[in-house]
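Written below as structure tokens is the structure these notes are about.
The values are calculated or read from the model by the stated rules, or taken from the named source; none is laboratory data. Just so you know, these numbers come straight off a predicted model, no measurement behind them. With ideal geometry, Cβ positions are generated from the backbone for all residues, glycine too; neighbour counts draw on all protein chains shown. For the accessible areas, the whole protein counts, side chains as well, though only heavy atoms, and no ligand, DNA or RNA atoms are used. Shrake-Rupley method; radii C 1.70, N 1.55, O 1.52, S 1.80 Å.
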Amino acid sequence: MSGFFLEIITPEKTFYRGEVESVNIPSLGGACTIMAGHQPMVFATEPGTIRITADGVTREAFMSEGFIEVRPDETIAFAQAVEWPEDINERRAAEAKERAEEQLRRNRSAAEFKLNQAALARAFARLRVKNRSGRDS
Ligand code: ATP
């Protein structure tokens, strides 16, 4: 299968750089798979699972809010945080979930509500990626 070049960048590091067969991203409109020859476009992503298939092997990672730009020559993803399952601290994610749920129970401003909802979505997505790792191929 022909591939394409993928780069995933966070403010802290280059998370991924290399040739892939496909990448499945948690876009705002639902999960979306990008393969070679995809038309150039930009997607906004929501916290969720990114699936990278390279050399016939698919790996999953957590990806937070960000953007993916599909270009004719390469695809570049930018996100605040991207983590392999082994790098996810489960306790920290569980604590973030508790915190966000507690804040959501209080009646806050619309802006705070949105921030806490986003924090809760990140925590759930991290826990999902962590708990799925190693369970399926
Ligand atoms: P927290 O409230 O625990 O900081 P958060 O969702 O607000 O969670 P982010 O803004 O997504 O955190 O990430 C900030 C930094 O902390 C990033 O470098 C991210 O990789 C790291 N990070 C956040 N939560 C975890 C976690 N559970 N395990 C590993 N790294 C984490």
All strands (runs of 3 or more DSSP E) inside region 1-66 with 1 or more residues being of a type in the set (Asp, Glu), within 16 Å of the ligand (Cβ to nearest atom) and within 24 Å of LYS130 (Cβ to Cβ)
57-63
Pull out all pairs, ordered by first then second residue, where Cβ-Cβ is under 8 Å, the residues are six or more apart or on different chains, the first lies in region 72-88 and is away from the ligand (no atom under 14 Å from the Cβ), and the second is not in a strand (DSSP E or B).
PRO72/PRO40; THR75/HIS38
Restricting to region 121-135, count the residues that are modelled with pLDDT under 95 and within 10 Å of the ligand (Cβ to nearest atom).
0
Return the residues of region 1-27 that are open to solvent by 40 Å² or more (accessible area, probe 1.4 Å), in contact (Cβ under 8 Å) with a residue 24 or more places away in the chain and closer than 16 Å to GLU65 by Cα; say none if nothing qualifies.
ILE9, PRO11
Please go through region 95-120 and give me each residue that is more than 8 Å from the ligand (Cβ to nearest atom), open to solvent by 40 Å² or more (accessible area, probe 1.4 Å), assigned to a helix (DSSP H, G or I) and not polar (S, T, N, Q), ordered by number.
LYS97, GLU98, GLU101, GLU102, LEU104, ARG105, ALA110, ALA111, GLU112, PHE113, LYS114, LEU115
